[in-house]
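The values are calculated or read from the model by the stated rules, or taken from the named source; none is laboratory data. None of these values were measured; they are calculated from a predicted model. As a convention, Cβ positions derive from the backbone with ideal geometry for all residues, glycine included, and neighbour counts pool all protein chains shown.
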Amino acid sequence: MKRAFDKEHIIGVIGLLMLAYGCWKALFVVPAMNHFGEVGRIFFMHVPTAWNALLILTGSFILAIGALFNRKPSWDAALTGSVEVGVLYTALLVVQGSIWARPTFGIWWTWDPRLITAAILLIAFAGVLSARSFANNQGQRLRWTAVATIVAYIDVPIVYFIVKWLPRGIHQPHSFPSTVSTDYHLALRFNAIAMLLLGIWMTFRRARWILQQNAATAMSAAPGAALDAEGRTMVAGVEE
Amino acid sequence: MSLLAQSRAVFLKDLLLAARGGSRLSGVLFFATMTLLLFSFATEPDPESMRRHAAGYLWLALLLSSLLSLGESFRAEVEDEALEGLRLLPVDPRALFYGKALSNTLFLVGLSLVLLPLSLGLFGAEVKSSPGLLLAFLLLGTAGLAAPGSLYAAMTSRARGQDLLLPLLLFPLVVPVLIASVKGTGLCFSADPMDQRGALLQVLTVFDLIYWSVCGLLFGKVIEE
(Lines give C-alpha, C1' and ligand atoms only; values in the text may rest on other atoms or scores of the structure.)
Protein backbone atom coordinates (compact mmCIF):
# COMPACT_ATOMS: atom_id res chain seq x y z
CA MET A 1 0.00 0.00 0.00
CA LYS A 2 1.36 3.38 -0.96
CA ARG A 3 1.67 5.78 1.96
CA ALA A 4 -0.27 8.98 1.48
CA PHE A 5 1.65 12.23 1.80
CA ASP A 6 0.17 14.23 4.68
CA LYS A 7 -0.11 17.87 3.68
CA GLU A 8 1.02 19.19 7.06
CA HIS A 9 4.55 18.05 6.20
CA ILE A 10 4.75 21.10 3.92
CA ILE A 11 4.25 23.33 6.97
CA GLY A 12 6.91 21.37 8.85
CA VAL A 13 9.47 21.63 6.06
CA ILE A 14 8.91 25.38 5.66
CA GLY A 15 9.24 25.74 9.44
CA LEU A 16 12.51 23.81 9.54
CA LEU A 17 13.99 25.81 6.66
CA MET A 18 12.98 29.09 8.28
CA LEU A 19 14.42 27.95 11.61
CA ALA A 20 17.69 26.99 9.92
CA TYR A 21 17.89 30.41 8.24
CA GLY A 22 16.95 32.27 11.41
CA CYS A 23 19.53 30.39 13.49
CA TRP A 24 22.22 30.91 10.87
CA LYS A 25 21.49 34.64 10.98
CA ALA A 26 21.41 34.63 14.77
CA LEU A 27 24.62 32.66 15.21
CA PHE A 28 26.85 33.96 12.42
CA VAL A 29 25.52 37.18 10.94
CA VAL A 30 24.22 39.53 13.63
CA PRO A 31 26.80 41.01 16.05
CA ALA A 32 26.87 39.70 19.61
CA MET A 33 24.79 41.69 22.06
CA ASN A 34 27.22 43.95 23.88
CA HIS A 35 26.18 43.33 27.47
CA PHE A 36 25.21 39.64 27.20
CA GLY A 37 28.02 38.51 24.88
CA GLU A 38 27.90 35.36 22.77
CA VAL A 39 25.62 33.52 25.20
CA GLY A 40 23.02 36.21 24.57
CA ARG A 41 22.37 34.62 21.19
CA ILE A 42 20.11 32.10 22.94
CA PHE A 43 17.74 35.07 23.05
CA PHE A 44 16.92 34.32 19.39
CA MET A 45 15.39 31.02 20.47
CA HIS A 46 14.21 32.00 23.94
CA VAL A 47 11.95 34.89 22.95
CA PRO A 48 10.23 33.09 20.04
CA THR A 49 9.75 30.08 22.34
CA ALA A 50 8.02 32.25 24.92
CA TRP A 51 5.74 33.90 22.35
CA ASN A 52 4.82 30.59 20.77
CA ALA A 53 4.29 28.72 24.04
CA LEU A 54 1.65 31.29 24.97
CA LEU A 55 0.22 31.41 21.45
CA ILE A 56 -0.11 27.62 21.17
CA LEU A 57 -1.69 27.31 24.63
CA THR A 58 -4.12 30.09 23.68
CA GLY A 59 -4.98 27.94 20.68
CA SER A 60 -5.52 25.00 23.06
CA PHE A 61 -7.91 27.11 25.11
CA ILE A 62 -9.99 27.93 22.01
CA LEU A 63 -9.91 24.28 20.87
CA ALA A 64 -11.00 23.21 24.37
CA ILE A 65 -14.08 25.45 24.30
CA GLY A 66 -14.92 24.20 20.81
CA ALA A 67 -14.39 20.56 21.76
CA LEU A 68 -16.74 20.89 24.74
CA PHE A 69 -19.48 22.10 22.41
CA ASN A 70 -19.07 19.91 19.33
CA ARG A 71 -17.68 16.78 21.09
CA LYS A 72 -15.77 15.73 17.98
CA PRO A 73 -12.86 13.31 18.49
CA SER A 74 -10.91 15.26 15.87
CA TRP A 75 -11.13 18.39 18.06
CA ASP A 76 -10.08 16.35 21.07
CA ALA A 77 -7.08 15.09 19.12
CA ALA A 78 -6.12 18.60 17.97
CA LEU A 79 -6.59 19.92 21.51
CA THR A 80 -4.38 17.23 23.00
CA GLY A 81 -1.75 17.72 20.30
CA SER A 82 -1.63 21.44 20.94
CA VAL A 83 -1.40 21.02 24.73
CA GLU A 84 1.49 18.61 24.19
CA VAL A 85 3.28 21.13 21.99
CA GLY A 86 2.51 23.86 24.56
CA VAL A 87 4.03 21.75 27.33
CA LEU A 88 7.07 21.03 25.16
CA TYR A 89 7.59 24.72 24.37
CA THR A 90 7.13 25.73 28.02
CA ALA A 91 9.65 23.10 29.10
CA LEU A 92 12.07 24.40 26.46
CA LEU A 93 11.43 27.93 27.71
CA VAL A 94 12.37 27.04 31.29
CA VAL A 95 15.47 25.10 30.20
CA GLN A 96 16.64 27.87 27.83
CA GLY A 97 16.10 30.43 30.58
CA SER A 98 18.29 28.42 32.93
CA ILE A 99 21.00 27.97 30.29
CA TRP A 100 20.96 31.72 29.75
CA ALA A 101 20.82 32.71 33.40
CA ARG A 102 23.71 30.51 34.59
CA PRO A 103 26.56 32.25 32.68
CA THR A 104 24.82 35.65 32.64
CA PHE A 105 23.65 36.01 36.25
CA GLY A 106 25.46 33.07 37.87
CA ILE A 107 22.26 31.25 38.87
CA TRP A 108 20.03 28.56 37.38
CA TRP A 109 16.81 29.76 38.94
CA THR A 110 15.36 32.82 40.63
CA TRP A 111 11.94 33.56 42.10
CA ASP A 112 10.96 35.96 39.39
CA PRO A 113 7.27 36.37 38.41
CA ARG A 114 7.84 35.14 34.89
CA LEU A 115 9.91 32.13 35.94
CA ILE A 116 7.33 31.06 38.49
CA THR A 117 4.52 31.58 35.99
CA ALA A 118 6.34 29.47 33.40
CA ALA A 119 6.96 26.70 35.92
CA ILE A 120 3.32 26.70 37.08
CA LEU A 121 2.18 26.76 33.45
CA LEU A 122 4.34 23.72 32.73
CA ILE A 123 3.08 21.73 35.72
CA ALA A 124 -0.56 22.72 35.20
CA PHE A 125 -0.66 21.61 31.58
CA ALA A 126 1.44 18.50 32.23
CA GLY A 127 -1.28 17.71 34.79
CA VAL A 128 -3.92 18.09 32.06
CA LEU A 129 -2.15 15.48 29.92
CA SER A 130 -1.73 13.20 32.91
CA ALA A 131 -5.44 13.48 33.82
CA ARG A 132 -6.24 12.44 30.27
CA SER A 133 -4.47 9.13 30.69
CA PHE A 134 -6.65 8.30 33.70
CA ALA A 135 -9.99 8.75 31.92
CA ASN A 136 -12.17 5.69 31.47
CA ASN A 137 -13.48 6.22 27.95
CA GLN A 138 -13.14 8.44 24.92
CA GLY A 139 -15.98 10.81 25.81
CA GLN A 140 -14.69 11.29 29.33
CA ARG A 141 -11.18 11.84 27.98
CA LEU A 142 -12.43 14.66 25.74
CA ARG A 143 -14.39 16.35 28.53
CA TRP A 144 -11.60 16.08 31.10
CA THR A 145 -8.96 17.41 28.74
CA ALA A 146 -11.14 20.32 27.65
CA VAL A 147 -12.31 21.27 31.16
CA ALA A 148 -8.81 21.04 32.66
CA THR A 149 -7.34 23.06 29.78
CA ILE A 150 -9.89 25.86 30.24
CA VAL A 151 -9.39 25.97 34.01
CA ALA A 152 -5.58 25.90 33.77
CA TYR A 153 -5.47 28.56 31.05
CA ILE A 154 -7.53 31.04 33.07
CA ASP A 155 -5.13 30.55 35.99
CA VAL A 156 -2.05 31.73 34.12
CA PRO A 157 -2.65 35.51 34.12
CA ILE A 158 -3.73 35.36 37.79
CA VAL A 159 -0.52 33.54 38.73
CA TYR A 160 1.51 36.13 36.84
CA PHE A 161 -0.29 39.01 38.51
CA ILE A 162 -0.02 37.66 42.03
CA VAL A 163 3.64 36.64 41.91
CA LYS A 164 4.47 40.21 40.94
CA TRP A 165 3.83 40.88 44.64
CA LEU A 166 6.95 38.93 45.47
CA PRO A 167 10.22 40.91 45.56
CA ARG A 168 11.30 41.90 42.08
CA GLY A 169 13.38 39.42 40.13
CA ILE A 170 16.23 39.85 37.70
CA HIS A 171 14.40 38.94 34.50
CA GLN A 172 14.56 41.79 32.03
CA PRO A 173 11.35 43.42 30.73
CA HIS A 174 9.37 41.76 27.93
CA SER A 175 11.06 41.77 24.55
CA PHE A 176 9.14 42.93 21.50
CA PRO A 177 10.51 43.81 18.06
CA SER A 178 10.24 47.47 19.04
CA THR A 179 12.45 47.03 22.12
CA VAL A 180 15.40 45.39 20.36
CA SER A 181 17.87 46.69 17.78
CA THR A 182 16.77 46.50 14.13
CA ASP A 183 19.73 44.18 13.37
CA TYR A 184 17.97 41.47 15.29
CA HIS A 185 14.50 41.80 13.82
CA LEU A 186 14.94 39.48 10.88
CA ALA A 187 16.46 36.57 12.82
CA LEU A 188 13.94 36.96 15.62
CA ARG A 189 10.93 37.11 13.29
CA PHE A 190 12.12 34.15 11.20
CA ASN A 191 12.59 32.02 14.30
CA ALA A 192 9.23 33.11 15.73
CA ILE A 193 7.31 32.17 12.59
CA ALA A 194 9.38 29.00 12.20
CA MET A 195 8.54 27.84 15.71
CA LEU A 196 4.87 28.59 15.14
CA LEU A 197 4.88 26.53 11.93
CA LEU A 198 6.74 23.70 13.67
CA GLY A 199 4.25 23.86 16.52
CA ILE A 200 1.32 23.60 14.10
CA TRP A 201 3.06 20.75 12.29
CA MET A 202 3.66 18.81 15.51
CA THR A 203 0.07 19.45 16.63
CA PHE A 204 -1.21 17.98 13.36
CA ARG A 205 1.10 14.98 13.62
CA ARG A 206 0.08 14.23 17.20
CA ALA A 207 -3.62 14.75 16.39
CA ARG A 208 -3.38 12.34 13.47
CA TRP A 209 -1.61 9.80 15.66
CA ILE A 210 -4.27 10.08 18.39
CA LEU A 211 -7.08 9.64 15.86
CA GLN A 212 -5.36 6.56 14.46
CA GLN A 213 -4.94 5.19 17.96
CA ASN A 214 -8.67 5.78 18.62
CA ALA A 215 -9.53 3.99 15.39
CA ALA A 216 -7.24 1.07 16.28
CA THR A 217 -8.86 0.76 19.71
CA ALA A 218 -12.33 0.88 18.17
CA MET A 219 -11.37 -1.72 15.56
CA SER A 220 -9.99 -4.14 18.12
CA ALA A 221 -13.10 -3.66 20.27
CA ALA A 222 -15.45 -4.31 17.34
CA PRO A 223 -13.60 -6.04 14.47
CA GLY A 224 -15.01 -5.30 11.05
CA ALA A 225 -17.20 -2.44 12.29
CA ALA A 226 -17.53 0.59 10.06
CA LEU A 227 -15.95 3.80 11.31
CA ASP A 228 -17.26 7.26 10.58
CA ALA A 229 -15.03 10.16 9.53
CA GLU A 230 -14.24 10.93 13.18
CA GLY A 231 -13.10 7.38 13.89
CA ARG A 232 -16.15 6.41 15.91
CA THR A 233 -17.71 2.98 15.36
CA MET A 234 -21.01 3.03 13.50
CA VAL A 235 -23.55 0.48 14.64
CA ALA A 236 -26.39 0.32 12.11
CA GLY A 237 -25.90 3.99 11.35
CA VAL A 238 -25.90 4.99 15.02
CA GLU A 239 -22.75 6.54 16.41
CA GLU A 240 -21.52 4.72 19.48
CA MET B 1 -37.10 25.54 42.00
CA SER B 2 -34.64 28.32 41.45
CA LEU B 3 -30.90 27.76 41.24
CA LEU B 4 -30.54 29.24 44.70
CA ALA B 5 -33.12 26.92 46.26
CA GLN B 6 -31.59 23.91 44.49
CA SER B 7 -28.08 24.82 45.65
CA ARG B 8 -29.40 25.25 49.15
CA ALA B 9 -30.99 21.80 49.10
CA VAL B 10 -27.69 20.19 48.00
CA PHE B 11 -25.83 22.20 50.63
CA LEU B 12 -28.22 21.13 53.42
CA LYS B 13 -28.00 17.50 52.28
CA ASP B 14 -24.20 17.68 52.64
CA LEU B 15 -24.45 19.29 56.06
CA LEU B 16 -26.78 16.54 57.20
CA LEU B 17 -24.39 13.89 55.87
CA ALA B 18 -21.47 15.54 57.66
CA ALA B 19 -23.41 15.86 60.90
CA ARG B 20 -24.48 12.20 60.86
CA GLY B 21 -21.08 10.81 59.95
CA GLY B 22 -18.70 12.53 62.35
CA SER B 23 -15.72 10.38 61.41
CA ARG B 24 -14.89 12.50 58.37
CA LEU B 25 -14.74 15.65 60.48
CA SER B 26 -12.56 14.24 63.21
CA GLY B 27 -10.27 12.36 60.80
CA VAL B 28 -9.41 15.46 58.79
CA LEU B 29 -9.00 17.46 61.99
CA PHE B 30 -6.44 15.02 63.39
CA PHE B 31 -4.61 14.98 60.08
CA ALA B 32 -4.44 18.80 59.99
CA THR B 33 -3.22 19.01 63.59
CA MET B 34 -0.54 16.42 62.90
CA THR B 35 0.58 18.38 59.84
CA LEU B 36 0.98 21.53 61.94
CA LEU B 37 3.04 19.60 64.49
CA LEU B 38 5.19 18.10 61.75
CA PHE B 39 6.05 21.56 60.42
CA SER B 40 7.48 22.48 63.81
CA PHE B 41 9.61 19.30 63.79
CA ALA B 42 10.76 19.83 60.21
CA THR B 43 12.27 23.26 60.85
CA GLU B 44 14.77 24.31 63.46
CA PRO B 45 13.09 25.14 66.77
CA ASP B 46 13.77 28.84 66.44
CA PRO B 47 10.80 30.75 67.93
CA GLU B 48 11.38 33.80 65.74
CA SER B 49 11.39 31.94 62.41
CA MET B 50 8.40 29.81 63.47
CA ARG B 51 6.44 32.90 64.38
CA ARG B 52 7.27 34.49 61.03
CA HIS B 53 6.17 31.41 59.07
CA ALA B 54 3.04 30.66 61.10
CA ALA B 55 0.71 31.82 58.30
CA GLY B 56 2.50 29.61 55.76
CA TYR B 57 2.27 26.54 57.99
CA LEU B 58 -1.41 27.20 58.67
CA TRP B 59 -2.25 27.43 54.96
CA LEU B 60 -0.17 24.42 53.97
CA ALA B 61 -1.94 22.38 56.63
CA LEU B 62 -5.27 23.63 55.24
CA LEU B 63 -4.26 22.85 51.65
CA LEU B 64 -3.16 19.31 52.49
CA SER B 65 -6.27 18.66 54.57
CA SER B 66 -8.50 20.06 51.83
CA LEU B 67 -7.39 17.16 49.61
CA LEU B 68 -8.76 14.70 52.13
CA SER B 69 -12.01 16.54 52.75
CA LEU B 70 -12.66 17.23 49.05
CA GLY B 71 -12.03 13.63 48.09
CA GLU B 72 -14.16 12.44 50.96
CA SER B 73 -17.07 14.74 50.07
CA PHE B 74 -17.42 13.02 46.68
CA ARG B 75 -16.70 9.52 47.92
CA ALA B 76 -20.14 9.62 49.55
CA GLU B 77 -21.63 10.45 46.14
CA VAL B 78 -19.84 7.70 44.26
CA GLU B 79 -20.79 4.96 46.70
CA ASP B 80 -24.10 3.35 45.65
CA GLU B 81 -24.15 5.60 42.56
CA ALA B 82 -25.61 8.48 44.57
CA LEU B 83 -24.29 10.98 42.03
CA GLU B 84 -26.25 9.20 39.29
CA GLY B 85 -29.35 9.68 41.39
CA LEU B 86 -28.64 13.37 41.75
CA ARG B 87 -28.06 13.73 38.02
CA LEU B 88 -31.38 12.09 37.25
CA LEU B 89 -33.23 14.68 39.32
CA PRO B 90 -34.48 17.73 37.42
CA VAL B 91 -31.70 19.79 38.97
CA ASP B 92 -29.39 22.29 37.31
CA PRO B 93 -25.84 20.81 37.47
CA ARG B 94 -24.67 24.23 38.63
CA ALA B 95 -26.80 23.79 41.76
CA LEU B 96 -24.96 20.54 42.52
CA PHE B 97 -21.68 22.42 42.18
CA TYR B 98 -22.66 25.42 44.28
CA GLY B 99 -24.13 23.25 47.03
CA LYS B 100 -21.02 21.08 47.12
CA ALA B 101 -18.55 23.95 46.89
CA LEU B 102 -20.40 25.81 49.63
CA SER B 103 -20.38 22.84 52.00
CA ASN B 104 -16.68 22.26 51.27
CA THR B 105 -15.95 25.94 51.95
CA LEU B 106 -17.86 25.80 55.20
CA PHE B 107 -15.96 22.71 56.24
CA LEU B 108 -12.60 24.32 55.46
CA VAL B 109 -13.53 27.57 57.24
CA GLY B 110 -14.48 25.51 60.28
CA LEU B 111 -11.21 23.63 60.06
CA SER B 112 -9.24 26.88 59.74
CA LEU B 113 -10.99 28.27 62.84
CA VAL B 114 -9.81 25.22 64.79
CA LEU B 115 -6.30 25.35 63.35
CA LEU B 116 -5.91 29.10 63.89
CA PRO B 117 -5.65 29.09 67.70
CA LEU B 118 -3.54 25.93 67.46
CA SER B 119 -1.02 27.55 65.16
CA LEU B 120 -1.06 30.77 67.17
CA GLY B 121 -0.21 28.72 70.24
CA LEU B 122 2.29 26.37 68.61
CA PHE B 123 4.23 29.00 66.68
CA GLY B 124 3.85 31.91 69.09
CA ALA B 125 2.10 34.23 66.62
CA GLU B 126 -0.59 36.72 67.57
CA VAL B 127 -3.36 38.43 65.65
CA LYS B 128 -2.51 42.09 65.24
CA SER B 129 -5.25 43.09 62.79
CA SER B 130 -9.00 43.21 63.34
CA PRO B 131 -10.47 39.68 63.66
CA GLY B 132 -12.87 40.50 60.81
CA LEU B 133 -10.01 41.03 58.37
CA LEU B 134 -8.37 37.75 59.35
CA LEU B 135 -11.71 35.98 58.97
CA ALA B 136 -12.09 37.54 55.51
CA PHE B 137 -8.73 36.03 54.46
CA LEU B 138 -9.71 32.62 55.86
CA LEU B 139 -13.11 32.73 54.15
CA LEU B 140 -11.94 33.97 50.74
CA GLY B 141 -8.89 31.70 50.78
CA THR B 142 -10.80 28.53 51.61
CA ALA B 143 -13.47 29.48 49.06
CA GLY B 144 -10.66 29.72 46.50
CA LEU B 145 -9.53 26.21 47.42
CA ALA B 146 -13.06 24.79 47.48
CA ALA B 147 -14.28 25.92 44.03
CA PRO B 148 -11.65 24.32 41.77
CA GLY B 149 -11.26 21.60 44.41
CA SER B 150 -14.93 20.57 44.16
CA LEU B 151 -14.76 20.56 40.35
CA TYR B 152 -11.67 18.37 40.26
CA ALA B 153 -12.82 16.14 43.11
CA ALA B 154 -16.01 15.45 41.13
CA MET B 155 -13.97 14.80 38.01
CA THR B 156 -11.56 12.42 39.65
CA SER B 157 -14.05 10.76 42.00
CA ARG B 158 -14.72 7.89 39.63
CA ALA B 159 -11.23 7.69 38.20
CA ARG B 160 -8.51 5.23 38.91
CA GLY B 161 -5.80 7.02 40.82
CA GLN B 162 -7.88 9.82 42.33
CA ASP B 163 -5.39 10.33 45.14
CA LEU B 164 -2.70 11.15 42.61
CA LEU B 165 -4.82 13.08 40.15
CA LEU B 166 -6.54 15.54 42.50
CA PRO B 167 -3.39 17.20 43.89
CA LEU B 168 -1.74 17.07 40.48
CA LEU B 169 -4.55 19.15 38.97
CA LEU B 170 -5.40 21.27 41.99
CA PHE B 171 -2.02 22.36 43.37
CA PRO B 172 -0.72 24.34 40.38
CA LEU B 173 -4.13 25.96 40.08
CA VAL B 174 -4.36 27.27 43.64
CA VAL B 175 -0.93 28.90 43.68
CA PRO B 176 -2.48 32.41 43.52
CA VAL B 177 -4.82 31.57 46.42
CA LEU B 178 -1.96 30.19 48.46
CA ILE B 179 0.29 33.19 47.84
CA ALA B 180 -2.41 35.77 48.58
CA SER B 181 -3.76 33.93 51.64
CA VAL B 182 -0.33 33.27 53.17
CA LYS B 183 0.79 36.82 52.60
CA GLY B 184 -2.50 38.31 53.81
CA THR B 185 -2.73 36.11 56.89
CA GLY B 186 0.94 36.79 57.62
CA LEU B 187 0.23 40.52 57.48
CA CYS B 188 -2.62 39.96 59.96
CA PHE B 189 -0.07 38.35 62.31
CA SER B 190 2.30 41.31 61.98
CA ALA B 191 2.18 44.99 61.10
CA ASP B 192 1.16 45.96 57.56
CA PRO B 193 3.65 48.75 56.74
CA MET B 194 3.04 48.70 52.97
CA ASP B 195 -0.75 48.55 53.34
CA GLN B 196 -1.03 45.49 51.09
CA ARG B 197 -3.87 43.68 52.83
CA GLY B 198 -6.63 45.41 50.87
CA ALA B 199 -5.04 44.59 47.53
CA LEU B 200 -4.50 40.94 48.55
CA LEU B 201 -8.17 40.69 49.53
CA GLN B 202 -9.05 42.03 46.09
CA VAL B 203 -6.87 39.42 44.41
CA LEU B 204 -8.60 36.67 46.39
CA THR B 205 -12.03 38.10 45.58
CA VAL B 206 -11.26 38.23 41.86
CA PHE B 207 -9.91 34.67 41.90
CA ASP B 208 -13.01 33.47 43.76
CA LEU B 209 -15.42 35.26 41.43
CA ILE B 210 -13.71 33.83 38.34
CA TYR B 211 -13.45 30.26 39.62
CA TRP B 212 -16.87 30.10 41.27
CA SER B 213 -18.46 31.09 37.98
CA VAL B 214 -16.22 29.12 35.57
CA CYS B 215 -16.27 25.92 37.64
CA GLY B 216 -20.05 26.23 38.03
CA LEU B 217 -20.42 26.36 34.25
CA LEU B 218 -18.05 23.45 33.65
CA PHE B 219 -19.35 21.18 36.41
CA GLY B 220 -22.16 19.73 34.28
CA LYS B 221 -19.64 18.56 31.67
CA VAL B 222 -17.53 16.88 34.31
CA ILE B 223 -20.20 14.73 35.96
CA GLU B 224 -21.73 13.60 32.66
CA GLU B 225 -21.41 9.85 32.13
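The table that follows gives values for the structure above.
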quantity	calculated
Tabulated pairs, the range A:138-155, first facing another protein chain (nearest Cβ under 8 Å), second among the charged types (D, E, K, R), C-beta under 7 angstrom, 6+ apart or interchain	A:143/B:221; A:143/B:224; A:144/A:132; A:147/B:221
Any chance residue B:218 is part of a helix (DSSP H, G or I), within 7 Å of chain A (Cβ to nearest Cβ) and among the aliphatic types (A, V, I, L, M)	yes
Filter result for the condition that a residue is touching a strand residue (DSSP E or B) at 6+ places or on another chain (Cβ under 9 Å) and more than 14 Å from chain B (Cβ to nearest Cβ), over A:104, A:80, A:58	A:104
Test: residue in the range A:109-126 that is modelled with pLDDT of 90 or more and of a type in the set (Ser, Thr, Tyr)	no
From the options A:98, A:133, residue that is among the hydroxyl-bearing types (Ser, Thr, Tyr), in contact with a Lys or Arg (Cβ under 9 Å, 6 or more places away or on another chain), more than 8 Å from chain B (Cβ to nearest Cβ) and on the phi < 0 side of the Ramachandran plot	A:133
The listed residue being surrounded by fewer than 18 Cβ atoms within 10 Å (Cβ to Cβ), touching a Phe, Trp or Tyr at 6+ places or on another chain (Cβ under 6 Å) and free of Cβ contacts under 8 Å to residues at least 40 places away in the same chain, out of B:121, B:161, B:132	B:161
Residue within the range A:60-70 that is over 30 Å from residue B:221 (Cα atoms) and among the aromatic types (Phe, Trp, Tyr) present	no
Answer from B:65, B:73, B:49 - the residue that is polar (S, T, N, Q) and more than 17 Å from residue B:182 (Cα to Cα)	B:73
Test result for residue B:52, farther than 30 Å from residue B:89 by Cα, over 18 Å from the mean Cα position of the chain (by Cα) and either surrounded by 16 or more Cβ atoms within 10 Å (Cβ to Cβ) or not acidic (Asp, Glu) (or both)	yes
Filter pass, residue A:192 being at pLDDT 75 or above and within 11 Å of chain B (Cβ to nearest Cβ)	no
Restricting the range B:194-205 to residues that are under 14 Å from residue B:134 (Cα atoms) and surrounded by 22 or more Cβ atoms within 10 Å (Cβ to Cβ), the residue that is nearest to the other protein chains (Cβ to nearest Cβ)	B:200
